1. Just a yes or no: is a residue in segment 91-106 touching a strand residue (DSSP E or B) at 6+ places or on another chain (Cβ under 9 Å), among the hydrophobic types (A, V, I, L, M, F, W, C) and more than 15 Å from the ligand (Cβ to nearest atom)?
2. Is it true that LEU130 is within 13 Å of the ligand (Cβ to nearest atom), in a strand (DSSP E or B), assigned by TED's automatic domain parsing to the domain that holds PRO381 and in contact with a strand residue (DSSP E or B) (Cβ under 6 Å, 6 or more places away or on another chain)?
3. If I filter segment 99-120 for residues that are part of a loop (DSSP other than H, G, I, E, B), among the hydrophobic types (A, V, I, L, M, F, W, C) and outside the structural domain of LEU188 (by TED's automatic domain parsing), do I get at least one hit?
4. What residue, of ALA111, ALA159, ALA115, ALA193, is of a type in the set (A, V, I, L, M), surrounded by 13 or more Cβ atoms within 10 Å (Cβ to Cβ) and out of contact with any Pro (no Cβ under 8 Å at 6 or more places or on another chain)?
5. So which of ALA153, ALA190 is within 10 Å of the ligand (Cβ to nearest atom) and of a type outside the set (Phe, Trp, Tyr)?
6. Just wondering, is there one or more residues in segment 32-44 that are closer than 30 Å to GLN233 by Cα, at pLDDT below 95 and not β-branched (Val, Ile, Thr)?
7. Can you tell me which of GLN262, GLN233 is away from the ligand (no atom under 15 Å from the Cβ) and surrounded by fewer than 14 Cβ atoms within 10 Å (Cβ to Cβ)?
8. Enumerate the pairs (first residue in segment 120-136 and at positive phi and in contact (Cβ under 8 Å) with a residue 12 or more places away in the chain; second residue anywhere and away from the ligand (no atom under 11 Å from the Cβ) and not hydrophobic (A, V, I, L, M, F, W, C)) with beta-carbon separation below 8 Å, excluding pairs fewer than 6 apart on the same chain, so at least 6 apart or on different chains.
Amino acid sequence: MDFALCASRLDALLLRYQACWQFNAYSGAAAPHLGDHSALTDYLQTLSHTDIPYLQGDDHALLHALKPYFSPAAELIELIGLAPICPNLHPQEPPAGIPGRKWQQINAFLAAQAAMHRPVLEWCSGKSYLGEAIHRRYQLPITALEIDTQLVAAGNARAQGSTPLRQIIRCDVLSDDVHQQLSPTQHLVALHACGGLHQRLLSLAVEHSGPQLSLAPCCYHRFTENYEPLSRQLKASTLRISNHDLRSAVRQTNTARSGETQARRTLQAWHLGLRELLPQLGIAKTTPLPSLPQHWSKRSFGEFAQALLDKKNINITLPTELANAEQAGWQQLHRAEAIDLVRMAFRRALELRCVLDSLLFLQENGYQCTLSEFCSPTLSPRNLLIQAQKSPYT
Ligand SMILES: C[S@@+](CC[C@H](N)C(=O)[O-])C[C@H]1O[C@@H](n2cnc3c(N)ncnc32)[C@H](O)[C@@H]1O
């Protein structure tokens, strides 16, 4: 894959269709970006209650479904199409205490690597389950860095007595203390290290001439003010992507429990239902409304609506007959979810742009890099794997 070319094509596409991926379909506002796409609008209106969750959960299925009605879909399919590694792994019982899904991710992450032979430095390790798996498989010394003291203690309890040495060190990877943990002999590994934390890993890998790196990034919006590119190529781009955009890009529900999804949808429908009701109460439909915690979904629409108005200091008693407004809310939610598919069509592209930035930065600093999908998106939607090796000639 030509990372530079792919990044520049993605950049151009994202710039051109900015209005599509920045639109908040749940705001209740009209969707002006669909004005020029009447075939797409008609298609979205045909989608059923079962079509939408299916398309929300599968980027490729979504793009293929939109392709006949939405011209950028074809280029998006081409640009986000990576060779998935997704090896056929026999499900293995996780060691005691390691959640099954995490263990499957770890096994897929390791199966995607060539044999490991260097001492390992694990970044933002949690209890260092990944380090534990590497240690079992390759008997390598492992140092893991983690900021949370409880996770450090729990991880070290698991690692007690390991030979060669396996240890979790309490360390803030954003602080200067981290420098003393790095050496030019290590294989740097990180599974699901968030935005600013993995950008720090990349900068320090370059600074300390780390010979090898394997990184599965996640949550690009976290631990940064706004995601600032590291690579010269994307620093020069005029496209700026806010943390808000990135947060929406990685908010995927295909690993959420169905109860959580249902609770979130109920609150969204009620929000929209209340919005429909506002003009009847003499209040502008666009009035900003606060949000309420998820447990409110177990109450009634009336209680929810009254609590929101109280929170907003709007002193109005709601009518007793609210069934129509609630029903209108569910209809609006269906419409909003259909329109939001257009934003979702760009979410992998936004993620890929961040990952390409990391790859370009590494290449600019003398690394040979590969990019792959190490597990299926149903096991983890954050399934991109960057592998980099310092070129011996730099
Ligand atoms: C998404 S979790 C991933 C944990 C583990 N790698 C895994 O896959 O299960 C991110 C981890 O980063 C740790 N973390 C957050 N900020 C950190 C910092 N400044 N320095 C070191 N670790 C940090 C968190 O405590 C958390 O354990």
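1. Keep residues of segment 91-106 that are touching a strand residue (DSSP E or B) at 6+ places or on another chain (Cβ under 9 Å), which gives 102, 105-106.
Within this subset, residues satisfying the condition of being among the hydrophobic types (A, V, I, L, M, F, W, C) are 106.
So of that shortlist, the ones also more than 15 Å from the ligand (Cβ to nearest atom) come out as none.
No, that holds for no residue.
2. no
3. The answer is no, given that none of the residues of segment 99-120 is part of a loop (DSSP other than H, G, I, E, B), among the hydrophobic types (A, V, I, L, M, F, W, C) and outside the structural domain of LEU188 (by TED's automatic domain parsing).
4. ALA159
5. ALA190
6. Taking segment 32-44 and keeping what is closer than 30 Å to GLN233 by Cα, we get 33.
Next cut, at pLDDT below 95 only: 33.
With not β-branched (Val, Ile, Thr) added as a condition, the list becomes 33.
Yes, segment 32-44 has at least one match.
7. Answer to the selection: GLN262.
8. As it stands, the answer is SER128/ARG158; SER128/ARG166, since those pairs meet every condition given.
The values are calculated or read from the model by the stated rules, or taken from the named source; none is laboratory data. Just so it is clear, the model here is predicted, and its values are computed rather than measured. Please note: Cβ atoms are built from the backbone with ideal geometry, for glycine as well, and neighbour counts cover all protein chains shown.
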